[in-house]
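The block underneath contains the structure these notes are about, expressed in C-alpha cells.
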Amino acid sequence: MPGRIIVLPEELTNKIAAGEVVERPASIVKELLENALDAGATEVAIELEKGGYGFIKVVDNGEGIGREDVPLAFARYATSKIYQFEDIYRVKSFGFRGEALPSIASISRIEMVTRRRGVVSGTRVIVETGQVKEIVDAGCPVGTSISVSHIFDSVPVRKKFLKQDITEQGHCIDVITRVALSHPEVRMKVVANKREIMNIPATEDASLRISLLLGADFMDHILPVNGRRGSISVRGFVCRPEVTRSSPRHIYCYVNRRFVRDYLLKHAVMTAYKRLIDGKRYPAVVLSVDLPPEDVDVNVHPAKMEVRFKNPRDIYGVIVEALSGALTGVLARTSDGYTSSEGRVGYDGYQARVEEAMQRYTVSSGRRKLFFTKTFSSKEEDNTEQVVPAETVAEGLVSPTGMSFAELDYVGQIAGTYLLFSAPQGLIMLDQHAAHERILFEKFKREALESGEKLVRQRLLIPVVINLPPKEFSFLMTCRQTLKEAGIEVEPFGTDTIVIKSISCMLSGIEPKTIIIDLLEELSELGQSVTVKDKSDKIFAFLACRGAVKANQRLSVPEVAKLCRDLDTTPFSSTCPHGRPVYVSFSLTYIEKMFKRR
Ligand code: ADP
Ligand code: MG
C-alpha cells in the first residue's frame, strides 16, 4: 500500500502521542516486525543475540524501500503511512508516526539492505547513532533486511537497566508470539544465539497457529468464539472454564490485529467468565476485535498498546455476548452443575453486568469524537500543565523565610534552569526545579493531612493496567492510602495486576504507568521496618520530583509569577525535599566587592 515517505508537518507531529519507543530490545523487535507487516511481508525471519541487545536482525519479503526514500526512513516523523491529520483516524497500518527507525537509529548501529519490488537494484545503508554513514547500491532480494547492533552503547544508563539475557529474550519472544498469533498468514522464523527456536509455516487456520504457539494442549480445551454487532466483529478462541490459569497473561486481545493491553476488553472477558471460574483464576483467551479504523483511536499510547473506542459500550457488549454464548453452549452440553436453573449461566444477566461495568469504566459522555488523551500529553501541553493549578493558592502570604518572591523583579532565566530576580538586597537566583519540587511536596503533605480528598485529580478515561511481580504488587498495596492522598487511585485487579484509576493533576503530562513503575524501583530499597510517615514522605518526595518543572525547560513570565506566588505560601521553601537549596542570594555588598567598588 504505502507510497512515498514524507516528513509530517509539525502541526501534526504535535498531535501524535509521542513516545520513546525504544525501552528495551523487545521494543526494537516489535517496531521492526510491525514495519515488515506494514510492508505486506508474508515471510519474516528474526535473529537475536544476547537476548536482543547483542544483535537483532529482521528480514522480510515485503515491498522494500525505494533508493531515494531510504535516508528519509531514518528522519524523524517521516512516514509513508499517513499524510494528513485525519488519516490518524483511519490508519490500517501498525505504524504512522515515523518515529521508530529514527529512535532505534539514535541509540544503535543499523545496517539496512532493501529492494523495492520491480526495481533492479537494491540499496545498502549504514546508520550510526542517527547519522547516515554510507549509502550504496547493492544486489539483494526484494524486501528489507535490518540489522541492529551496538544497542544502547551510546546510552550506558539504559544498558544498566536491562535484565539478564534470558529475561530480555523472553520479552522479545513475547512480542513475536503476540504478532504471530494475529498473523497466521505470515511465516515466521526465529533464531536465537544461532539456534532456531521457532519456525512456523503460514496457514489460513488461526487455530493451527495458536496450537503451534501456545501448545496443542491449549487447543484441546478451547472453544471458538464468533460475534458481530453492526460493524464490530469478535473472533477468537477461549478456554473451557475448567482449564484456567493463575495469571491474566494468557489473555491475548487484538484490535484490528494490533495486540493491546486494554482494560475494557479484559474486563469484558472476565465478565463473561464471572461465576464460572474461581475469582483468583484467569482464562486463556485469544480474541480479535475488528472494527472500522475510524471507530478506534490508536494514538493514545506511546507504544500503541492501548486504544480508545468510540463506542466502548458496544464493544463490551458484543464481547460478553459472544463469549457467554460460546461458554453457555459448553455448559449446557456438559450440564455438570455449572448450569443455572435457566440453563444459561454466563449469559443471563449479562446486560446488567455490562451496565454495571460500564459505570465503572468512566467514559466522558458527550464527547463522541475521538480525541487525544491528556494522560500522554502532547508537546504543547507540557509546559503549561506542569504548573500547579491557580485555585489552590492563597494570595498575599509571605514565605516563612521572610521574603516574598512574588514581589521581586523577575530578570530572566539562565541555562534554562535558574530564575534571576532583582531584590532590594541584591540578586536572587532560584532553581526552578527545586522550588517547584518543594511546593508540590508540601502540597501533597498538606492535602494528606487535611483529608486526602481535596487534591484535584484526573480520572483516567481508560484506567491503566499494570501487571506486577508478586513482591512489587504487595508492596504497592501497602502504599495505596498514601498514593490516594496524593491523588493517585490504585486498585488491585486479581492477584498480580493493578489498575490506576486516577492521577493527580499535579502529575498530568507524565505517563501514569511510568510513575508507578519508577516509584516501585525507587522505593524497592525501603525495608519493612520503615515508619508509615517515612514511607509517605518518600513517596511524596518522589512524586514532587516527577511532577516538578524540569531543568532546561523554558518558563513563561506568568508561569514564573505563579511559581513565586506558590513559593510564598510554602513552608520550608529554602530547600527542596532532598535538602538542596531552592535559591541563593548575592548581597549588594558582595556584588560591589566583586566589582572592586568597595
Ligand atoms: P512508521 O512505521 O511509523 O511509518 P518507521 O520509522 O517505523 O515509521 O518507518 C519509517 C518508514 O520507513 C515507513 O513509513 C516505511 O515507509 C519505511 N519502512 C520501514 N521499515 C520498512 C520495511 N521493513 N519495509 C518497507 N518499508 C519500511
Ligand atoms: Mg513503524
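The values are calculated or read from the model by the stated rules, or taken from the named source; none is laboratory data. Small disclaimer: the values here were computed from a predicted structure and weren't measured. Because the Cβ atoms are built from the backbone with ideal geometry, glycine has one as well, and the counts that use them run over all protein chains shown.
Run down 386, 458 and say which single residue is in contact with a strand residue (DSSP E or B) (Cβ under 7 Å, 6 or more places away or on another chain) and at pLDDT below 75.
Every option except 458 fails the conditions.
Considering segment 479-496 alone, what residues qualify as being modelled with pLDDT under 85 and within 27 Å of residue 281 (Cα to Cα)?
Passing the criteria: 493, 494, 495, 496.
Would you mention how many residues in segment 39-80 are part of a strand (DSSP E or B), among the small types (Gly, Ala, Ser) and either within 16 Å of ligand 2 (Cβ to nearest atom) or buried (at least 21 other Cβ atoms within 10 Å of the Cβ) (or both)?
1
Please enumerate the residues belonging to segment 100-111 that are under 19 Å from residue 61 (Cα atoms) and within 13 Å of ligand 2 (Cβ to nearest atom).
Within segment 100-111, 101 is the sole residue that qualifies.
Looking at segment 263-278, is at least one residue in a strand (DSSP E or B) and small (Gly, Ala, Ser)?
no
What are the residue pairs meeting all of these: first residue in segment 102-118, first residue β-branched (Val, Ile, Thr), second residue in a loop (DSSP other than H, G, I, E, B) and near ligand 1 (Cβ under 9 Å from one of its atoms), Cβ atoms under 8 Å, and 6 or more apart or on different chains?
What qualifies is 104/21; 110/74; 114/64; 114/65.
Just checking, which of 296, 238, 255 is surrounded by 17 or more Cβ atoms within 10 Å (Cβ to Cβ) and touching a Phe, Trp or Tyr at 6+ places or on another chain (Cβ under 7 Å)?
296
Among the candidates 241, 224, single out the residue that is within 19 Å of residue 269 (Cα to Cα) and either assigned to a loop (DSSP other than H, G, I, E, B) or charged (D, E, K, R) (or both).
Sole residue among the options that is within 19 Å of residue 269 (Cα to Cα) and either assigned to a loop (DSSP other than H, G, I, E, B) or charged (D, E, K, R) (or both): 241.
List every residue pair whose Cβ atoms sit under 9 Å apart, with the two residues 6 or more apart in sequence or on different chains, where the first one lies in segment 531-544 and is farther than 17 Å from residue 437 by Cα and the second, anywhere, is in a helix (DSSP H, G or I).
Once the first residue is farther than 17 Å from residue 437 by Cα and sits in segment 531-544, its partners that are in a helix (DSSP H, G or I) give 532/481; 532/482; 535/478; 535/482; 535/523.
On the basis of being in the same structural domain as residue 189 (by TED's automatic domain parsing) and more than 14 Å from ligand 1 (Cβ to nearest atom), does residue 129 make the cut?
So residue 129 fits the description; yes.
Which is more than 9 Å from ligand 1 (Cβ to nearest atom) and over 18 Å from residue 155 (Cβ atoms), of 109, 67, 116, 97?
Selected residue: 67, the only one of 109, 67, 116, 97 that is more than 9 Å from ligand 1 (Cβ to nearest atom) and over 18 Å from residue 155 (Cβ atoms).
When you scan segment 119-139, how many residues do you find that are among the acidic types (Asp, Glu), surrounded by fewer than 15 Cβ atoms within 10 Å (Cβ to Cβ) and free of Cβ contacts under 8 Å to residues at least 40 places away in the same chain?
Count: 1.
Looking for something surrounded by fewer than 23 Cβ atoms within 10 Å (Cβ to Cβ), within 30 Å of residue 173 (Cβ to Cβ) and more than 11 Å from ligand 1 (Cβ to nearest atom) - is there at least one such residue anywhere in segment 85-94?
Taking every residue of segment 85-94 in turn, at least one turns out to be surrounded by fewer than 23 Cβ atoms within 10 Å (Cβ to Cβ), within 30 Å of residue 173 (Cβ to Cβ) and more than 11 Å from ligand 1 (Cβ to nearest atom).
On the given criteria, is residue 282 within 15 Å of residue 223 (Cβ to Cβ), of a type in the set (Phe, Trp, Tyr), crowded, with 17+ Cβ neighbours inside 10 Å and in the same structural domain as residue 314 (by TED's automatic domain parsing)?
Spelling it out, it is not the case that residue 282 is within 15 Å of residue 223 (Cβ to Cβ), of a type in the set (Phe, Trp, Tyr), crowded, with 17+ Cβ neighbours inside 10 Å and in the same structural domain as residue 314 (by TED's automatic domain parsing).
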